[in-house]
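The values are calculated or read from the model by the stated rules, or taken from the named source; none is laboratory data. Computed from a predicted structure; not experimentally measured. Positions of Cβ are generated from backbone atoms using ideal geometry, with glycine treated the same way; all protein chains shown enter the neighbour counts. These accessible areas exclude ligands, DNA and RNA; they are computed on the full protein's heavy atoms, side chains included. Shrake-Rupley method; radii C 1.70, N 1.55, O 1.52, S 1.80 Å.
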Amino acid sequence: MKEYRTSAKEIAELLFGSGDITSDRVMTTRANEGLEIHQYWQSLYGPDDAKEVFVRTVFERNGILLDVTGRIDGILAKEEGIVLEEIKSTRLDFEYLEEDTYPAHSAQAKLYAYMYMLEKGLKKIKVVLTYIQVEDRTVQQFEKSYTLKVLESYYTKTIGKYLDWVEKVSNHEDLRMKSMEGLKFPFDDYRLNQRELMAHVYRNTLDEGILYATAPTGIGKTIATMFASLKAIHDPREKIFYATAKNDGKVIALDTIRLLEKNGLIAKTSEITAKDSMCLLKERDCDPETCKYAKGYYKRVYKAIDDLFENESIFSKEIMKLYGRKHKVCPFEYSLDASNYSDVIVCDYNYVFDPRVHLIRYFEEDKYRPIVLVDEAHNMISRSREMYSATIREETLKAMLDVARYLKPNPKREVQRVLDYFQEIGVELLLEVDFTMKDTMDDVLFGLLKRLLAKFDQILSGERKIPMKSTVLDLYFEVYQFVKITEFFNQEYVFLYERIDNHIQVSMKCLNAAGFLKETMNKHTVSTTLFSATLDPIHYYKTLLSGGEGKDVKMPSPFKQNHLLLLAVDDVSTRYNDRNDSIEKIVSVTKTLVRSKKGNYIVFFPSYQYLSMVKEKLDQENLDLEILEQKREMSLLERSETLTMFKTQSDKTQVGLFVMGGVFGESIDLIGDMLSGVVIVGVGLPQLSNFNNILRSHFDLEFQSGFDYAYTFPGLNKVIQAVGRVIRSESDRGVAILIDDRFTSNRYYGLYPKEWSHLRVVNEPERIERLLDRFWKEGEEQ
């Protein structure tokens, strides 16, 4: 007998839902208003009346035990008999309110009525649906009397319809669990150390722990972690969350699921991606008065989910847009709702860890048990800081002031008070000082923003039409997100006041989010596996992602060390003040490399400015090659075209001039002749900035390693990622040349991966040329 627990309210909303999509913040506001209304109305009850009455029934069918619970707002003792009351707050004009305006409300009340009658042995009951206006607390009621026989028929029919859906989900769960038991690895052979990686992930899932897995490119991390996690599932409530930083990671994860499906896996997989990329409108506007996919969404979504569940196994972005258009529902919200019935969820880090957008149903409640896989986990340190940081800008407040006169109630006074405070901040930021900080909360600003937010809650919670609603919402959410982050402000934060382009902005910057991430991992997941090819040094990542908690493993590279010619040129400095003097050496080394063998090469730089300086010199050399330059603002199409040129045969040698740590610095696969070598200019240090120096000071106090935590370790990761572009398969051969005197210092030697033990120092172009010639000839002979 399989047991499912649900509530009468959930059943009513699923089967009889209605209404439009509203923002989470508006829904929260309305929930708070509803609570106040309930408490107000219940305070008027007499001594013989009861409130918040718990009811429960159990329904059995076809091997499924459905446990249904509920909490009745009021049971009233009247002269004519027992009255069951369901209370609802509303802002809808009573002129437009009918008994069937919200079918889920009456359905919920009738389900409660039957459950109560059954428990108390009643033959008849009166049901009152009470609507109370939020603003003036006026009341409209709908009354109806029912017999037990009538409600029994209604209850049986409704639960039967719900069980039709539950049985469909249950049958899928049975097939899923059976398929996982018999699931075989989709390849005849394991790659070197791949099986060992799988064993670690499997054990970590069973142990419900935290695991850091450093596994080199080519070992097959995605299939290894996914397969091991699927095999470890033993509870239908467990779901795999494959969290990644980039769209490429999602594509690989979905392709992996497709491969496993061909080998017998039965599973439902959801892709959750950014709202803008899912939108079916030319320009996103989530106002239900504008968007037909938001209007009446909850009336159509159950049929849309049923259709999807019946006919698809992978709920990709493209599939969700296709079905969204078919059923006229918002694809983004549809993907979130469909994920309730999915076994694997592929999404950005944010949906797991960001307190403002994470999926509450999975990471605050206990209905499901997430198994989390974090791909390319080296990105998580900077991303986690962003998740727990927020900024409020003077331009936002001025834009709010511009639209204030169109809104009711008018928020002009509240907006102006915040702007006046910003002007005071501007006075403190003297002409020669554009940056100040403090390590305590700005309670004055917080109070002003709370009052502003309350006024906007009144505006957005009403039923009246709001002019320029999309613009108003964008402005509102910047303020809301800032106020939301104040809940987390602690000793790991600083308050920053800055003047940027003559505008004031105030930020709460999280310096170390490890405490928050650790809480999510420990309290809201079954297990968390964080994996990447570059988690060196491991103590840095463990400290800043889980406060040092968790096990760590490192898989040796499956590639032959002699397939990578790794050289260091250490007679030149690429520090900012030395860059002009370094250009000639960089050009010389680059010329030597590209002349050694026709092919594709990449030169990675620490900044666009440095890149431009070297390109100007390269252009003067009149070399017979094609130069591909990364621009600051490249569209997805331009980036794709650049990669396509590398993947296409060319009569000329092609040299990409790219920025380290950018879109071309990681997560791209250029196998075989697609990439012959790279030159790394500099040690990849983040640019000197006020914020990075704050990090340095903070980590000096906390770990006595400020410079390493703020500069050295993040820079080294970019270098290792860039070198990792060269060898992507067992047959690949290539060259990596590191240019900077710091690369051979003791500080760096002690941090390199073991696979770099063959690093050679060569400064003379003639010696580099001889080594390159010998390396390429050895490759031809093999």
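On inspection, Gln505 does not qualify as touching a strand residue (DSSP E or B) at 6+ places or on another chain (Cβ under 6 Å), within 30 Å of Leu92 (Cα to Cα) and touching a residue at least 12 places away in the same chain (Cβ under 8 Å).
Which of the residues spanning region 313-331 are touching a residue at least 40 places away in the same chain (Cβ under 8 Å), under 24 Å from the mean Cα position of the chain (by Cα), under 25 Å from Val357 (Cβ atoms) and open to solvent by 20 Å² or more (accessible area, probe 1.4 Å)?
Restricting attention to region 313-331, the residues satisfying the condition of being touching a residue at least 40 places away in the same chain (Cβ under 8 Å) are 313-317, 320-321, 324-325, 330-331.
Those still in the list that are under 24 Å from the mean Cα position of the chain (by Cα) too: 313-317, 320-321, 324, 330-331.
Next cut, under 25 Å from Val357 (Cβ atoms) only: 314-317, 320-321, 324, 330-331.
The answer is Lys317, Lys321, Cys330.
Within the set Glu365, Glu424, the sole residue that is under 27 Å from the mean Cα position of the chain (by Cα), free of Cβ contacts under 8 Å to residues at least 24 places away in the same chain and surrounded by fewer than 18 Cβ atoms within 10 Å (Cβ to Cβ) turns out to be Glu365.
Among the residues of region 235-260, the ones that are closer than 23 Å to Phe309 by Cβ, open to solvent by 50 Å² or more (accessible area, probe 1.4 Å) and in contact (Cβ under 8 Å) with a residue 24 or more places away in the chain come to 4 in all. Evaluated against (1) part of a helix (DSSP H, G or I); (2) acidic (Asp, Glu); (3) open to solvent by less than 80 Å² (accessible area, probe 1.4 Å), Asp164 falls short on exactly one condition, (3).
Residues of region 526-564 that are touching a Gly at 6+ places or on another chain (Cβ under 8 Å) and either basic (Lys, Arg) or within 17 Å of Arg725 (Cα to Cα) (or both): Ala533, Thr534, Lys542, Lys551, Ser557, Pro558, Phe559, His563, Leu564. In region 486-533, of all residues being of a type in the set (Phe, Trp, Tyr) and open to solvent by less than 10 Å² (accessible area, probe 1.4 Å), the one that is farthest from Gln423 (Cα to Cα) corresponds to Phe531. Within the span defined as region 388-399, one or more residues are closer than 30 Å to Lys221 by Cβ and not aromatic (Phe, Trp, Tyr). Residues considered: Phe658, Phe604, Phe664. Of these, the only one that is open to solvent by less than 40 Å² (accessible area, probe 1.4 Å), modelled with pLDDT under 90, closer than 24 Å to Leu738 by Cα and aromatic (Phe, Trp, Tyr) is Phe664.
Contact map, region 679-699: first residue over 18 Å from Ser607 (Cβ atoms), second residue open to solvent by less than 40 Å² (accessible area, probe 1.4 Å) and assigned to a strand (DSSP E or B), Cβ cut-off under 9 Å, separation 6 or more or different chains; pairs are Ile694/Val494; Ile694/Leu496; His698/Val494. Check region 258-276 and report whether any residue there is within 13 Å of Asp375 (Cα to Cα) and touching a Phe, Trp or Tyr at 6+ places or on another chain (Cβ under 7 Å). Looking for residues that are within 13 Å of Asp375 (Cα to Cα) and touching a Phe, Trp or Tyr at 6+ places or on another chain (Cβ under 7 Å), one finds none in region 258-276, hence no.
Scanning region 140-165 for residues that are out of contact with any Phe, Trp or Tyr (no Cβ under 6 Å at 6 or more places or on another chain) and touching a residue at least 60 places away in the same chain (Cβ under 8 Å) yields Thr158, Gly160, Lys161, Tyr162, Leu163, Trp165. Taking residues in region 432-449 that are within 19 Å of Glu492 (Cβ to Cβ), and partners anywhere that are polar (S, T, N, Q), the pairs with Cβ atoms closer than 7 Å and at least 6 places apart or on different chains are Met441/Thr486; Phe446/Thr486. Of all the criteria given as (1) modelled with pLDDT under 90; (2) in contact with a Lys or Arg (Cβ under 7 Å, 6 or more places away or on another chain), the one not satisfied by Ser389 is (1). Looking at Lys615, is it out of contact with any Lys or Arg (no Cβ under 6 Å at 6 or more places or on another chain), open to solvent by less than 80 Å² (accessible area, probe 1.4 Å) and either under 22 Å from Ser596 (Cβ atoms) or modelled with pLDDT under 80 (or both)? Yes.
Pick out the one residue from Arg742, Arg767 that is more than 19 Å from Val719 (Cβ to Cβ), modelled with pLDDT of 95 or more and either open to solvent by less than 30 Å² (accessible area, probe 1.4 Å) or part of a helix (DSSP H, G or I) (or both).
Working: Arg742 fails: more than 19 Å from Val719 (Cβ to Cβ).
None of the others qualify; the one that does is Arg767.
Residues are listed down the side, and each one gets a yes or a no for (1) of a type in the set (Ser, Thr, Tyr); (2) more than 17 Å from Lys438 (Cα to Cα); (3) open to solvent by 20 Å² or more (accessible area, probe 1.4 Å); (4) more than 26 Å from the chain's Cα centre (by Cα):
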residue	(1), (2), (3), (4)
His698	no, no, yes, yes
Phe703	no, yes, yes, yes
Ala710	no, yes, no, no
Asn717	no, yes, no, no
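Taking region 183-201 only, how many residues are in contact with a helix residue (DSSP H, G or I) (Cβ under 6 Å, 6 or more places away or on another chain) and crowded, with 19+ Cβ neighbours inside 10 Å? Qualifying residue count for the region: 4.
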